[in-house]
Amino acid sequence: MMGPASRLIRGGNPQGAKPYERFLLSPTAWGQLPAALQQETALALLGLWADATQVHACFLHEPGNEALLASTPAAGWNYAALSPARPGAMRFERMILELWGHHAEGAVDLRPWLDHGRWNLRHPLAAKPIPFAGEAPQPEFLPTVGDGIHQIPVGPIHAGVIESGHFRFSVQGEAIVRLEQRLGYKHKGTLSLMLGTSPRAAVRYAARLSGDSTVAHSWAFSAAVEAALGVTPPPRALHLRALMLELERVHNHLNDWGFVCNDVAFAYPHARCGLLREGVLRAIAAAFGHRLMMDRVLPGGVAPDIAPRGTEAILAALAAVEAEIPVLMQIYEAHASLQDRVVTTGYLRPDLARAFAAGGHVGRASGRAFDARRLPQHLPHANLHFDVPMLEAGDVDARVRIRVLELGQSIALVREILASLPAGELMAPMPARAGEGAAMIEGFRGECLHWVALDDGGLIGALFPRDPSWLQWPLLEAAIEDNIVADFPLCNKSFNCSYSGVDL
Amino acid sequence: MLWPKLARALFAKPLTDQAPLVPQETVQALGERMAVTSRARLGRSLAIREVDSGSCNGCELEVNALENIAYDLERFGLRFVASPKHADVLLVTGPACLNMREALERALASTPEPRWVVAVGDCAVDGGVFKGSYAVENGIAAVLPVDLLIPGCPPSPAQLLEGLLSLLEAESAKK
C-alpha cells in the first residue's frame, strides 16, 4: 500500500538506478515531500546526501521492506528541507550545506557540523570550492535554561582509548539535562579522495570508513558498484563475504559486551570476552591473513581465498565462544551490582527509534526489527537460516542482550556457510562503463548503505557511503537525558556509534 | 558462580603470551635519540596517553587489544592513562586531521618532559591512504615531534608491543 509520499516519489522521472529505482523530482514536487512524509510515517528516511547539482534521499517503505531513492536539482543552491518531517535529516542537511553548498530551506538546524573552519576551502565537493582563510569560529551549543545548570565539556580527546569527538553536557546536580554532540574532528575528506577513481581503487577507502565495519562497508560499496554494472559475484565469493561479515559481527559484539561490563568496573566478563575475541581474531588472521579482514572484499568478489587451515581455526575459536556464552550470561545476570547499572539505564523510546529509523542493536533493542539481511538482495543471507532477535526494553541491558543473542545466530550462520561453501571462482570480471547502484549490507552496527554513480569511463562520478551511526548518534542524546553523568560511558558503549563513519 | 572460577584461575597456567623479541637496531636508534635530546631517564615504566587524530578506528581496536589478557600490557610496566598530563608517551593514530590539529598541539603542551611521541599506523606515519586530502596533515610529524613510527594498517598488537618495549629497553640501556 502506497502513501502520499511514496506516490509523489514514484511520480518522478525514473533514472535507471539498480536495484532500487531513483526518481528525479522537480523542485516543486520535492517541496511537497515534507508534508507528504508527515502523512506517511511508514516511509523511513535512511539517508540524505548530494552531488554537485542534485540532492538525493534514500527511503525504506517499512511494511514492504522496499527501498527507493528520490532526487531533486538543487536549483539556485536551494532545496526543501526534509528535517521538519524526518528528524534524522538534520545532520545530513548540515553536512550537505558544508560539503556541497546546497542550502536546505526550512531546515530545523543548519549550524556547522563537519566544517570547523580549519580547512583552507569551503564546500570541498562543490563544482567550484571556495578558498577559505580565517579564524575558526567557536562552536554554538543549544541553550539550556533552569536553576543551577552547569556545563561539562568533554573531548575531542577522551579519557579512554576511543575515537575523537566532543560532548557537551548540561547538568543539573547529577542528572544530565541535555547532551549535545559535536563531531567532525575526524573528517578526512574521504569522499573527495574516492571521486574520479576506479571502483577498485575506491574500495580501500570504503574499507577504512570505519575500521570495525571494514567488511560491511567494503561489501556494501562493492555491491553498489556490482549493481550499477549488472555484475553478480561468483557464489563462492558471496559465501566468503557472508562468512567474513558474521565473523566481524562476532568480534565486535564480544568487544562491546566486555566493554559494557568494564564500564561498570566488572572486570571478569571484560577479561573473558577480550580473550575469546582475541581467539576469533587470530583464527580470522589464519584464515584471511588480516585480523580485521581489511581489503578482502573487492568489487567483483573477494581476494584471497580462505586459507586451507582457516576453516578449522575459525570453527575452533567459535566453539570456545559458544561454550562460554552461557557461563558469562549467567554471571552477567547473577550480579546485582552489574544489573543495577545496566537495567533501565539509557532508555531509548521505541517511537524515537522508529522516527530516526535506527538500525542494528540500537533499533532492535527498542522494537524496530529491520535487518538488511532480510532483504532479497542481501545474498547469500536470503538463502541462509537465522533469526533476527528483537526486544522492546530499550535500555543498556536490552542492547547487550541483542548482541549476545546475535552472537549465537552468527556462530550458527558461520557453521552453515562453511558447511555449504561452494567451489569455484572468486572474482567476476568488472566492465568499465556507466551505471548507478545502491546496496545495503547489515554490519554489526546496522545497515551500511552505499550509493554509487559511475561515469562513462567506469570511474566514480558521485557516491555516498552512509554508516548506520548517522541515525543512531542523535538517539544517544535522547537516551542519556535524566541519566547521571557517570552512566554516560556505559550508555555510549551500549550504542557504540562510529565517529569515523559519520565524520567522512 | 564467579568465585570458584576466580579461585581456579589463581592456580591455573597464565593465558598470557610470551613477550616478543625487540629489534636491537630500533632500541639503539631510540637510545641515541634520547642521548641527543638529553632526556632524563623515565624508569622501567611508561604511562601512555592514546590520542586519535582521525583514524578509521582500526588502530584503536588493536591498541585496545594490547590490554586483553593475551598481551597484558601492564606486566611490562606499560599502562594507559586518562590524561596527557599523566603521560610519558603520546601514542597517536590517524593522519592528523586539520580538525584535530589544535587538540594535538594542546595534548603535547600538556605532556610533561621527558616524553616520547609514537606515531601508530600507516595514516600516522605519512597520511596513509588519506595522503593528499584537503582535510589532513599527511601524518603526525607535521604537528608533533615524532620519536618512533609503528607502521601497519593497522599494526597488530604484537607489532605495537614490540615498538613500546623498544622504548623501555632504550631507556634502561642508557643508565
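The values are calculated or read from the model by the stated rules, or taken from the named source; none is laboratory data. Nothing here was measured: the structure is a model prediction, and the numbers come from that model. So basically every Cβ, Gly included, is an ideal-geometry build from the backbone, and we count neighbours across all protein chains shown.
Values for this structure:
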| quantity | calculated |
| --- | --- |
| Residues located in region A:57-96, provided they are free of Cβ contacts under 8 Å to residues at least 60 places away in the same chain and under 21 Å from the mean Cα position of the chain (by Cα) | A:A57, A:F59, A:H61, A:E66, A:L82, A:S83, A:A89, A:E93, A:R94, A:I96 |
| Among (1) touching a Gly at 6+ places or on another chain (Cβ under 7 Å); (2) over 22 Å from A:G501 (Cα atoms); (3) buried (at least 17 other Cβ atoms within 10 Å of the Cβ); (4) of a type in the set (D, E, K, R), the one test that A:R445 misses | (2) |
| Some residue of region A:240-258 being over 20 Å from the mean Cα position of the chain (by Cα) and at the interface with another protein chain (Cβ under 9 Å from one of its Cβ atoms) | yes |
| Any hit, region A:360-377, residues being in contact with a Lys or Arg (Cβ under 9 Å, 6 or more places away or on another chain) and polar (S, T, N, Q) | yes |
| Unique residue being more than 25 Å from A:D487 (Cα to Cα) and more than 17 Å from the chain's Cα centre (by Cα) when the list is A:T197, A:T214 | A:T197 |
| Odd one out for A:V342 among (1) over 30 Å from B:P4 (Cβ atoms); (2) crowded, with 24+ Cβ neighbours inside 10 Å; (3) β-branched (V, I, T) | (1) |
| Strands (runs of 3 or more DSSP E) wholly inside region A:51-100 that include at least 3 residues being out of contact with any helix residue (DSSP H, G or I) (no Cβ under 6 Å at 6 or more places or on another chain) | A:54-61, A:66-73 |
| Hey, A:L46 touching a residue at least 24 places away in the same chain (Cβ under 8 Å) and out of contact with any Cys (no Cβ under 9 Å at 6 or more places or on another chain) or not | no |
| A:A357 crowded, with 17+ Cβ neighbours inside 10 Å and not in a loop (DSSP other than H, G, I, E, B) | no |
| From the options A:L292, A:L247, A:L281, residue that is at pLDDT 95 or above and not in a helix (DSSP H, G or I) | A:L292 |
| Spans of strands (runs of 3 or more DSSP E) in region A:410-504 with at least 2 residues closer than 22 Å to A:F259 by Cβ and of a type in the set (F, W, Y) | none |
| Selection status of A:S198, facing another protein chain (nearest Cβ under 9 Å) and within 22 Å of A:P124 (Cβ to Cβ) | no |
| Test result for A:A75, exposed (fewer than 15 other Cβ atoms within 10 Å of the Cβ), of a type outside the set (S, T, Y) and in contact with a Pro (Cβ under 6 Å, 6 or more places away or on another chain) | yes |
| Residues satisfying the stated conditions in region A:120-129, i.e. free of Cβ contacts under 8 Å to residues at least 24 places away in the same chain and within 12 Å of chain B (Cβ to nearest Cβ) | A:N120, A:L121, A:P129 |
| Subset of region B:1-32 that is in a loop (DSSP other than H, G, I, E, B) and more than 30 Å from the chain's Cα centre (by Cα) - its residue that is modelled with the lowest pLDDT | B:M1 |
| Pick from region A:12-24, criterion in contact with a helix residue (DSSP H, G or I) (Cβ under 7 Å, 6 or more places away or on another chain) and part of a loop (DSSP other than H, G, I, E, B), ranking: nearest to A:I441 (Cα to Cα) | A:P19 |
| Filter result (facing chain A (nearest Cβ under 7 Å), more than 23 Å from A:Y268 (Cβ to Cβ) and either of a type in the set (V, I, T) or surrounded by fewer than 24 Cβ atoms within 10 Å (Cβ to Cβ) (or both)) within region B:46-72 | B:V51 |
| Top-ranked residue of region B:120-158 - restricted to ones that are in contact with a Ser or Thr (Cβ under 7 Å, 6 or more places away or on another chain) and within 12 Å of chain A (Cβ to nearest Cβ), ranked as nearest to A:L99 (Cα to Cα) | B:Y134 |
| Residues of region B:99-119 satisfying the condition of being in a helix (DSSP H, G or I) and within 12 Å of chain A (Cβ to nearest Cβ) | B:N99, B:M100, B:R101, B:E102, B:A103, B:L104, B:E105, B:R106, B:A107, B:L108, B:S110 |
